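Chemist: Sharing a structure with you now.
The values are calculated or read from the model by the stated rules, or taken from the named source; none is laboratory data. Every value quoted in this text rests on a predicted model; they were computed, and no experiment measured them. Virtual Cβ from ideal backbone geometry, glycine too; neighbours counted across all protein chains shown.
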Amino acid sequence: MLNIRRFVKGVDESLWVDVLNAARKEREDWRAITVEDLLADAKRPSFDFEGRFIGELDGKAVGVVHAKVDKSSEEKKGFIHLDVVPEFRSCGIEPALIETALGELKARGMTIAQTWADLSERERIELLKDLQFRHVRVFSIMEMEVAELPQSFGENKQVAVRPLRKELEDDIRLLNWLGNESYKEDLDYSPITLEETRHFLFCDPYLKEKEVFFAVLIDESVGYIGVGIDEKYNLEKKVQAGEVFAIGVLKAHRRKGIGVRLMVHGLERLRAKGMTKAILGVEDDNTTQAMRLYEKLGFSVKKRESILEREV
């Protein structure tokens, strides 16, 4: 018998982690997390504590869903994170958890619900379509061998690149401003608070080793890039992979080779740290057409996810 109940803070963290790890263990982009990781992530200023539910089948936890609300956004859009242990999929648990999440989002005043599925997960996509979700766009995970980085690729040589200095509040504020300015025209954009930027720099439980660099053109900071390494991911997957976790260039300075300059610098930094692969995520229809740049640099798509939405 299926029972869906609310997550109990201070009680269910270990159970939640166990279900997540079991549900996502087959994913190449996932590494096992710990309760400590979960608790650290929950300290993010924007973390939504509400809307978490556990699905139990005959008393055994087999699925979880988080109906999240972005408290910093004025848009009435919520997000559904659904995970079910593989051997219990297609047993009616997924639709029950999704319906619970939809009810939660509606009760919290949301008018749109968004979720996603790997494009290879045909059954899950069909289920979501049966629940009146519609495909809206595609998000891709891309990868490249950093040893194959071109020696020259049209980067703007007039641009200086300098590191963010974490001890300087002005640099943290600059990163926050550049991030918001660079992404404000993107779909699903919501402003990132200074507190969120600071927490990511100093307290992120995944990319503990990270660097951020600014692009400076004639004494003006016009872009940035962030690269990092998840050591636990590399140990679990037996790889040497780094991540480009963010890159942005101010609109007025795009198409000038600044993004290329930043990418080459970031990839060189990962290579200098002994990484053999670089990974990044990008929406295929990104307003800056970033995917074209990544492909020219040598990145190729490893997996694609369908982003789906419906009215609540």
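Chemist: Count, please, the residues in region 248-272 that happen to be not in a helix (DSSP H, G or I) and not small (Gly, Ala, Ser). Steps first, please.
Modeler: Residues of region 248-272 that are not in a helix (DSSP H, G or I), as a first pass: 248-250, 254-257.
Right, trim to not small (Gly, Ala, Ser) and you get 249-250, 254-256.
The qualifying residues number 5.
Chemist: Within region 62-81, which residues are more than 12 Å from Met110 (Cβ to Cβ) and either surrounded by 18 or more Cβ atoms within 10 Å (Cβ to Cβ) or outside the structural domain of Arg24 (by TED's automatic domain parsing) (or both)?
Modeler: Across region 62-81, the qualifying residues are Val62, Gly63, Val64, Val65, His66.
Chemist: Taking Phe214 as meeting all but one of (1) assigned to a helix (DSSP H, G or I); (2) crowded, with 18+ Cβ neighbours inside 10 Å; (3) of a type outside the set (Val, Ile, Thr); (4) modelled with pLDDT of 95 or more, write down the number of the exception.
Modeler: Phe214 satisfies every listed condition except (1).
Chemist: Another one. How do the pairs read when you match residues in region 39-60 that are under 16 Å from Phe7 (Cβ atoms) and free of Cβ contacts under 8 Å to residues at least 40 places away in the same chain with residues anywhere that are surrounded by 13 or more Cβ atoms within 10 Å (Cβ to Cβ) and not hydroxyl-bearing (Ser, Thr, Tyr), using Cβ under 6 Å and keeping only pairs 6 or more apart or on different chains?
Modeler: What qualifies is Asp48/Lys68; Asp48/Val69.
Chemist: Where residues in region 174-206 are assigned to a helix (DSSP H, G or I) and among the hydroxyl-bearing types (Ser, Thr, Tyr), which of them is farthest from Thr288 (Cα to Cα)?
Modeler: Of region 174-206, the ones assigned to a helix (DSSP H, G or I) are 174-183, 194-203.
Add one more test, that the residue is among the hydroxyl-bearing types (Ser, Thr, Tyr), and what stays is 182-183, 197.
Values: Ser182: 10, Tyr183: 9, Thr197: 22 Å.
In this case the residue turns out to be Thr197.
Chemist: May I pose another question? Looking at Glu13, Glu28, Glu36, which one is among the acidic types (Asp, Glu), outside the structural domain of Asp204 (by TED's automatic domain parsing) and in contact with a Leu (Cβ under 9 Å, 6 or more places away or on another chain)? Steps first, answer last, please.
Modeler: Values: Glu28 fails: in contact with a Leu (Cβ under 9 Å, 6 or more places away or on another chain); Glu36 fails: in contact with a Leu (Cβ under 9 Å, 6 or more places away or on another chain).
Within the list Glu13, Glu28, Glu36, the selection yields Glu13.
Chemist: Quick check on my filter: what residues within region 157-190 are crowded, with 16+ Cβ neighbours inside 10 Å and in contact with a strand residue (DSSP E or B) (Cβ under 7 Å, 6 or more places away or on another chain)?
Modeler: Val159, Val161, Leu164, Leu174, Leu175, Leu178, Gly179, Ser182, Tyr183
Chemist: Continuing with the same structure: With respect to Leu119, determine if the residue is over 20 Å from Trp16 (Cα atoms), touching an Asp or Glu at 6+ places or on another chain (Cβ under 9 Å) and either without any contact (Cβ under 8 Å) to a residue 24 or more places away in the chain or not small (Gly, Ala, Ser) (or both).
Modeler: Working: over 20 Å from Trp16 (Cα atoms): yes; touching an Asp or Glu at 6+ places or on another chain (Cβ under 9 Å): yes; either without any contact (Cβ under 8 Å) to a residue 24 or more places away in the chain or not small (Gly, Ala, Ser) (or both): yes.
So Leu119 fits the description; yes.
Chemist: Next question. When you go through Gly109, Gly154 one by one, which is the residue that is on the phi > 0 side of the Ramachandran plot and in the same structural domain as Phe214 (by TED's automatic domain parsing)?
Modeler: On the way: Gly109 fails: in the same structural domain as Phe214 (by TED's automatic domain parsing).
Just a single option satisfies the conditions, and that option is Gly154.
Chemist: Out of Val282, Val227, Val244, Val301, which single residue is in a strand (DSSP E or B), within 30 Å of Met110 (Cα to Cα) and either among the polar types (S, T, N, Q) or in contact with a helix residue (DSSP H, G or I) (Cβ under 9 Å, 6 or more places away or on another chain) (or both)?
Modeler: Values: Val227 fails: within 30 Å of Met110 (Cα to Cα); Val244 fails: within 30 Å of Met110 (Cα to Cα); Val301 fails: within 30 Å of Met110 (Cα to Cα).
So the residue among Val282, Val227, Val244, Val301 that is in a strand (DSSP E or B), within 30 Å of Met110 (Cα to Cα) and either among the polar types (S, T, N, Q) or in contact with a helix residue (DSSP H, G or I) (Cβ under 9 Å, 6 or more places away or on another chain) (or both) is Val282.
Chemist: A further question follows. Among the numbered criteria (1) touching a strand residue (DSSP E or B) at 6+ places or on another chain (Cβ under 6 Å); (2) closer than 30 Å to Asn234 by Cα; (3) surrounded by fewer than 18 Cβ atoms within 10 Å (Cβ to Cβ), which one does Leu20 miss?
Modeler: (3)
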